[in-house]
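The values are calculated or read from the model by the stated rules, or taken from the named source; none is laboratory data. Note that the structure is predicted; figures quoted are calculated from it, not measured. Note that each Cβ is placed from the backbone with ideal geometry, even for glycine, and that neighbours are counted across all protein chains shown. Side chains included, ligands, DNA and RNA excluded: accessible areas come from the protein's heavy atoms. Shrake-Rupley method; radii C 1.70, N 1.55, O 1.52, S 1.80 Å.
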Amino acid sequence: MRTAIIGGGIAGLAAAYELEKARTAGEAVEYMLYESRDRLGGSLASEIVDGVVLERGPDSFLSEKPAAAELCRELGLGGELTPSNDANRRTYIVVRNRLVPLPDGLMFLIPTKLIPTAMTRLFSPMTKIRMALELLHPPRPSGQDESVASLVERHFGAEAVDRLADPLLSGIYGGDSTQLSARSVLPKLVEMEEQYGSLTRGMLAAHKQMRARAAAQANGAGGGQPDGERRTGQPSSRRTIFTTLRGGLQQLVDALEARLEPAWVRKSTAVSSLEREDGGWRVRSGGSAEFFDAVIVASPAWAAGTLLGTVDAALGEELGGIPYSSSITVNLVYDEAKLGPLPDGFGFLIPAVERRAMLACTFVHRKFVGRTPPGKAVLRAFLGGAKNEALLDQPDEVLVATVRRELSEILGASVAGLHVEPEQTQVSRWRQAMAQYAVGHQERMKRIAAQVAEFPGLRLAGNAYDGIGIPDCIRTGRKAARELMEKQLEAARR
């Protein structure tokens with residue numbers, strides 16, 4: 001089986017790795033990985049400058065989704081996996097240039113502790129009353145999909161959307177809560193509303209069940225488990241919210257690339273057209289054309305739509321209809337002694353109602369221990385998003401100046417050294433990189449799946465379909481490759 005993989009981001013790399021594993025094991029597999037840029041990895045890009053790990057794109061992945069950590073271990077990077085410093089995890093929301101900590105007991109968007117919610121300065125008295133009365137919400141049958149903002153406002157009010165849902169989701173998706181699909185982005189909350197009515201009661205019930213399972217595991221832990229698991233009922237490496245690689249996520253990209261057959265990787269090679277032909281696919285690039293039995297399209301959905309639109313106009317239109325947002329990261333490296341002490345925690349989020357260019361700022365040296373030399377502080381700002389795409393056209397020096405000004409306006413009263421020039425600055429732009437799961441996304445996915453099924457040798461992978469994170473991209477890439485190989489085996493048996 002010859003397979004073309006279009007797109008050399010982490011999803012395409014994972015697909016190529018899966019095919020390479022099969023080839024090494026003796027399967028009759030060939031592949032060609034096409035990437036229009038001069039490097040692989042997509043938005044996974046990092047470098048080490050004077051001992052400081054600087055991430056240009058994502059800085060970590062969710063620990064609860066296993067695909068990324070499993071792949072790292074397969075590649076011999078298990079010893080490089082680094083957990084987030086959750087003992088120091090505290091996040092603030094900016095309200096009128098003041099940092100207000102998220103209240104204790106907040107489970108994503110849901111307040112579950114009465115006193116911290118009552119005492120927080122994040123919400124007005126009327127919103128706090130509404131949050132208390134939310135416990136009385138009756139179960140609500142699931143109807144049509146709705147926006148996250150609609151779901152949250154119905155339960156907790158508009159202020160909870162502005163000061164909680166919007167900044168939290170903007171930090172994850174770079175999107176707008178009034179456009180994001182509740183069913184796709186917050187499916188557990190939709191299920192809780194159906195079963196319990198009150199999201200607070202649903203979250204408390206889920207937390208109780210989780211504690212019961214953990215206790216049962218702890219009581220049942222024993223023979224055959226490592227010592228750390230016997231004591232805790234959990235894996236010996238305690239799970240934290242985020243995980244990264246000590247030397248940067250570029251380590252994952254480099255390790256994957258090193259496993260691939262170099263002659264079957266074509267960088268700086270854009271695919272110009274894709275044609276269905278004689279039970280296979282004709283891939284044209286750089287003035288040449290090659291025939292393949294199967295194709296994995298791991299490029300962004302808007303690019304996939306352009307390529308597949310000539311094969312199936314309806315499929316191309318559906319793929320092209322998936323919205324995307326752009327983002328900017330700005331890394332600032334300081335001498336910690338000159339900068340002065342920062343607030344405790346990982347950083348802060350900025351609601352859109354504050355009308356800032358920045359969406360968020362992470363204190364990177366706090367989030368992951370061991371990736372920044374002692375005496376250095378790294379502030380990583382995020383800009384752009386669905387509401388401010390125009391910032392991508394600003395020069396680097398303007399973006400750096402904007403970030404430094406806003407940091408001074410927000411932190412200046414407590415951090416005396418923000419006027420000091422940073423030792424290093426780094427600006428990265430990611431145009432149309434983050435898929436947005438808009439209202440109706442699940443229905444769109446069903447239509448796309450039905451259309452793709454009409455072409456047995458076609459698979460899609462990436463962040464546009466079933467999860468936006470690094471583990472999701474790895475999972476969809478490897479799954480696409482495995483499914484194609486299984487189809488080949490089935491055909492060979494006939």
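Structure summary
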{"item": "Hits in the stretch 279-305 (condition: open to solvent by 30 Å² or more (accessible area, probe 1.4 Å), over 19 Å from GLY477 (Cβ atoms) and touching a residue at least 12 places away in the same chain (Cβ under 8 Å))", "result": "GLY279, ARG284, GLY286, GLU290, PHE291"}
{"item": "Subset of the stretch 316-346 that is among the small types (Gly, Ala, Ser) and at pLDDT below 95 - its residue that is most open to solvent (accessible area, probe 1.4 Å)", "result": "ALA337"}
{"item": "Residue match in the stretch 80-88 (condition: under 26 Å from ALA301 (Cβ atoms), modelled with pLDDT of 95 or more and touching a strand residue (DSSP E or B) at 6+ places or on another chain (Cβ under 7 Å))", "result": "no"}
{"item": "Evaluation of PRO226 against (1) more than 30 Å from LEU44 (Cα to Cα); (2) open to solvent by 50 Å² or more (accessible area, probe 1.4 Å); (3) modelled with pLDDT of 70 or more (one fails), failing number", "result": "(3)"}
{"item": "Strands (runs of 3 or more DSSP E) enclosed by the stretch 7-88 - at least 1 residues per element that are in contact with a Leu (Cβ under 8 Å, 6 or more places away or on another chain), open to solvent by 20 Å² or more (accessible area, probe 1.4 Å) and closer than 18 Å to ILE241 by Cβ", "result": "81-83"}
{"item": "Count of residues meeting criterion [open to solvent by 30 Å² or more (accessible area, probe 1.4 Å), of a type in the set (Ser, Thr, Tyr) and touching a Ser or Thr at 6+ places or on another chain (Cβ under 8 Å)] in the stretch 420-439", "result": "0"}
{"item": "Residues satisfying the stated conditions in the stretch 430-455, i.e. part of a strand (DSSP E or B) and among the hydrophobic types (A, V, I, L, M, F, W, C)", "result": "TRP430, ALA433, MET434, ALA435, ALA438"}
{"item": "Top-ranked residue in the stretch 107-117 [being touching a residue at least 12 places away in the same chain (Cβ under 8 Å), of a type outside the set (Val, Ile, Thr) and open to solvent by 20 Å² or more (accessible area, probe 1.4 Å); ranked as nearest to SER170 (Cα to Cα)]", "result": "PHE108"}
{"item": "Number of positions in the stretch 401-419 that are open to solvent by 40 Å² or more (accessible area, probe 1.4 Å) and not in a helix (DSSP H, G or I)", "result": "2"}
{"item": "Count - residues of the stretch 237-261 that are without any contact (Cβ under 8 Å) to a residue 60 or more places away in the chain and within 22 Å of VAL49 (Cβ to Cβ)", "result": "1"}
{"item": "ARG371 being open to solvent by less than 10 Å² (accessible area, probe 1.4 Å) and more than 20 Å from the chain's Cα centre (by Cα)", "result": "yes"}
{"item": "Residue in the stretch 440-461 that is within 30 Å of CYS361 (Cα to Cα), within 26 Å of the chain's Cα centre (by Cα) and open to solvent by 30 Å² or more (accessible area, probe 1.4 Å) present", "result": "no"}
{"item": "Selected residue [modelled with pLDDT of 95 or more and either out of contact with any strand residue (DSSP E or B) (no Cβ under 9 Å at 6 or more places or on another chain) or in a loop (DSSP other than H, G, I, E, B) (or both)] from VAL427, VAL398", "result": "VAL398"}
{"item": "Conditions (1) of a type in the set (A, V, I, L, M, F, W, C); (2) part of a strand (DSSP E or B); (3) open to solvent by less than 30 Å² (accessible area, probe 1.4 Å); number of the one not met by PHE382", "result": "(3)"}
{"item": "Subset of the stretch 387-400 [surrounded by 13 or more Cβ atoms within 10 Å (Cβ to Cβ) and either in contact with a helix residue (DSSP H, G or I) (Cβ under 6 Å, 6 or more places away or on another chain) or not aliphatic (A, V, I, L, M) (or both)]", "result": "LYS387, ASN388, GLU389, GLN394, ASP396"}
{"item": "Qualifying positions in the stretch 189-219 - of a type in the set (D, E, K, R), more than 18 Å from GLU64 (Cβ to Cβ) and either open to solvent by 40 Å² or more (accessible area, probe 1.4 Å) or free of Cβ contacts under 8 Å to residues at least 24 places away in the same chain (or both)", "result": "GLU194, ARG201, LYS208"}
